[in-house]
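Q: Handing you a structure now.
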Amino acid sequence: RQSLTAYTGGAKAVLAARSHLPGIVGAVAELLRVPKQFDAAIEAALGPYSQAIVVDDWEAVKSAISFLRRESAGWATFLPLDSLSAPAAPSAPAGGGVIGHAFELVSFDDPFREMARLLLGNVVVIDSLDTAQQLRDNLRPAQRLVTLKGEVVRQSGMVSGGSDRQGLGILAQEREWR
């Protein structure tokens, strides 16, 4: 397995110890298969949740958190497969430049469907900031637009973006390690 250099803090510690911790499935970035052309968009949509740890159940969550506390190894976010519940994804706003729901642009094994819907069901991938400006007023609450370059636009008007990130993102690294 890779050296886990792309991971930080508690996520890195849990993944490194997964053979000793019951119920650890893997990090979100390990479980999603993202076409290369959508790397920047999906990475931006996931944000820090690309490093969230997917586990079988609440017992695995408790065990992993106990491990992190005992080892003073940091903090992590956990997604227990036995209790995830994603709201229904609202329809994507209509208009030119809409590529599709982020959830539909990635692939994953069936047990991870609810995880993917939870993290990406409210995200619509679009081609550009110009498209975002045109569509923002048509967003539903909690829905976000993400451009192919990774800019994120929220219904509130908040926009995140800037220069390209240096090096490979965690999703691209996971694809190379496969």
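Q: Mind checking the dipole of the chain: about its Cα centre, +1 per Lys or Arg Cβ, -1 per Asp or Glu Cβ, Debye to the nearest 20?
A: Working: 18 positive and 19 negative charges, 64 e Å.
So the dipole magnitude of the chain works out to roughly 300 debye.
Q: Heavy-atom accessible area of Arg140 with all protein chains present, probe 1.4 Å, nearest 10 Å²?
A: Taking all protein chains as shown, Arg140 has close to 130 Å².
Q: Calculate one ³J(HN,Hα) per residue across region 133-145 by plugging θ = phi - 60° into the Karplus curve 6.51 cos²θ - 1.76 cosθ + 1.60, and present them in order as whole Hz with x for glycine and proline.
A: Computed from phi, the couplings for region 133-145 are 4, 6, 9, 3, 5, 9, 6, 8, x, 6, 7, 10, 9 Hz.
Q: For region 5-21 and region 66-123, what is the separation of their Cα centres, given in Å?
A: 20
Q: On to the next question. Heavy atoms only, probe 1.4 angstrom, no DNA, RNA or ligands counted: give me Glu174, Glu43 ranked by accessible area, highest first.
A: The most accessible residue leads, giving Glu43, Glu174.
Q: Amide H of Arg144: which non-local residues (sequence gap of 5 or more, or other chain) have their own amide H closer than 5 Å, using H built in the peptide plane?
A: Long-range HN contacts for Arg144: Val123, Val124.
Q: Once both labels are modelled 7 Å past Cα along the beta-carbon direction, what's the Arg154-Asp57 spacing in nm?
A: Between Arg154 and Asp57, the simple spin-label model gives 3.6 nm.
Q: Which of Leu79, Asn122, Ser63 sits farthest toward the positive end of the charge dipole of the chain, with +1 on the Cβ of Lys and Arg and -1 on the Cβ of Asp and Glu?
A: Ser63
The values are calculated or read from the model by the stated rules, or taken from the named source; none is laboratory data. This is a predicted model, so every value here is computed, not measured. Glycine also receives a Cβ, built like all others from the backbone with ideal geometry; neighbour counts cover every protein chain displayed. Only protein heavy atoms, including side chains, enter the accessible area calculation; ligands, DNA and RNA are left aside. Shrake-Rupley method; radii C 1.70, N 1.55, O 1.52, S 1.80 Å.
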